[in-house]
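J.: My structure is below; once you've seen it, I'll send some questions.
Computed from the coordinates by the stated procedures, all read-outs in this text should not be read as laboratory data. The structure displayed is predicted, hence computed values, not measured ones. Counting neighbours? That spans all protein chains shown, and the Cβs are built from the backbone with ideal geometry, glycine included.
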Amino acid sequence: MNILLSGVGGQGILTLAELLGDAAILDGYEVRVSEVHGMAQRGGQVVCHVRFGKNVYSPLIIEGASDMLISLEVLESLRAARYLKHEGVVIINSLELPPPLAIIKGIKYPSINDAIKEFMKITKKIYVINSMEIIKRNRLPAATINTIILGSAWATGELGLSRDSLIKAMIRRFGEKWKDINIKAFEEGAKYLSETGVAKV
């Protein structure tokens with residue numbers, strides 16, 4: 001299973017990669033996780049490759065071979081689109097975070113509808129998650145964006161990992177203090193996807 005993660009620094013992309021890797025190990029798979037581009041400082045581009053299966057020899061996903069693309073930001077989803085395989089699954093957080101320079105120069109920033117139109121050239125399995133709506137509705141911390149999206153990814157039925165292992169990975173990662181909040185975020189992300197279904201333009 002090849003999963004590409006994209007977003008910007010501060011959104012918890014590296015934590016999300018660790019959760020997927022830990023859950024895959026718990027499910028009995030060999031795992032490779034690699035951060036290959038960008039810097040994890042706040043606002044910088046971050047891309048992580050997660051691969052798991054019976055035997056995994058390389059940590060990197062080649063372009064056009066990712067089974068699933070999970071992006072926590074709209075523009076970053078488009079930057080990573082070349083990795084998604086034909087009829088792969090894409091999960092996009094509808095959050096738009098234009099860099100300050102783009103705002104100052106008045107550069108047009110892609111909307112979620114722009115992203116959907118581009119991905120429809122590759123696949124029909126497009127899921128759009130409004131993490132901020134979920135956060136506000138359930139009074140969750142903004143830092144739970146990554147576990148919200150993880151729940152949505154699991155709810156597609158195509159993540160290839162068990163719910164039990166994902167929950168155990170979260171408990172190990174967040175400890176007693178934050179586990180309940182993140183499990184709640186995971187469940188709300190899964191619920192949101194089951195209610196909204198595949199994106200339509």
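J.: I need the shape label for the stretch 105-155. Rule: rounded when a/c is under 1.5, else prolate if a/b > b/c, else oblate, with a, b, c from the alpha carbon gyration tensor. Display every interim value, and only then the final one.
T.: Working: a/c = 2.97, a/b = 1.34, b/c = 2.21.
Cα axes put the stretch 105-155 in the oblate bin.
J.: May I ask you to order 10-17, 54-61, 82-89 by the average number of other C-beta atoms within 10 Å around their residues, highest value first?
T.: On the way: 10-17: 22.1, 54-61: 12.2, 82-89: 17.2.
Ranking, from highest mean packing down: 10-17, 82-89, 54-61.
J.: Among Val56, Ala24, Leu78, which residue has its Cα positioned farthest towards the positive end of the charge dipole of the stretch 2-196, with +1 placed on the Cβ of Lys and Arg, -1 on the Cβ of Asp and Glu, and the dipole taken about the Cα centre?
T.: Selected residue: Leu78.
J.: Which entries of Lys136/Lys191; Lys85/Lys136; Lys136/Lys177 have Cα-Cα distances beyond 26 Å here? Don't skip to the answer; put the middle values down first.
T.: Details: Lys136/Lys191 15 Å; Lys85/Lys136 33 Å; Lys136/Lys177 21 Å.
Flagged as over cut-off: Lys85/Lys136.
J.: To the nearest 20 debye, what is the magnitude of the charge dipole of the chain about its Cα centre, counting +1 on the Cβ of each Lys and Arg and -1 on the Cβ of each Asp and Glu?
T.: On the way: 25 positive and 21 negative charges, 56 e Å.
So the magnitude is around 260 debye.
J.: Sticking with this structure for a sec: For a Förster distance of 30 Å, can you work out the FRET efficiency between the beta-carbons of Ser162 and Asn138, rounded to the nearest 0.05? Spell out each step's value before the answer.
T.: Working: r = 24 Å, r/R0 = 0.80.
Efficiency, from the Cβ-Cβ distance: 0.80.
J.: How many angstrom separate the Cα center of the stretch 132-190 from the Cα center of the stretch 54-73?
T.: 21
J.: Given the -39500 (n - 2.57) contribution per DSSP H run of 4+ residues, what per-residue ellipticity at 222 nm results for the chain, rounded to the nearest 500 deg cm²/dmol?
T.: Details: 7 runs with 87 residues, N = 201.
Mean residue ellipticity, 222 nm, calculated: -13500 deg cm²/dmol.
J.: Which listed residue (Gly197, Ile183, Ile171) has the Cα farthest towards the positive end of the charge dipole for the stretch 142-201, taking +1 on Lys and Arg C-beta and -1 on Asp and Glu C-beta about the Cα centre?
T.: Ile171
J.: If you take Cα extents along the principal axes in Å from the coordinates, which of [x] 74, 34, 28; [y] 69, 31, 25; [z] 48, 39, 33 do you get?
T.: [z]
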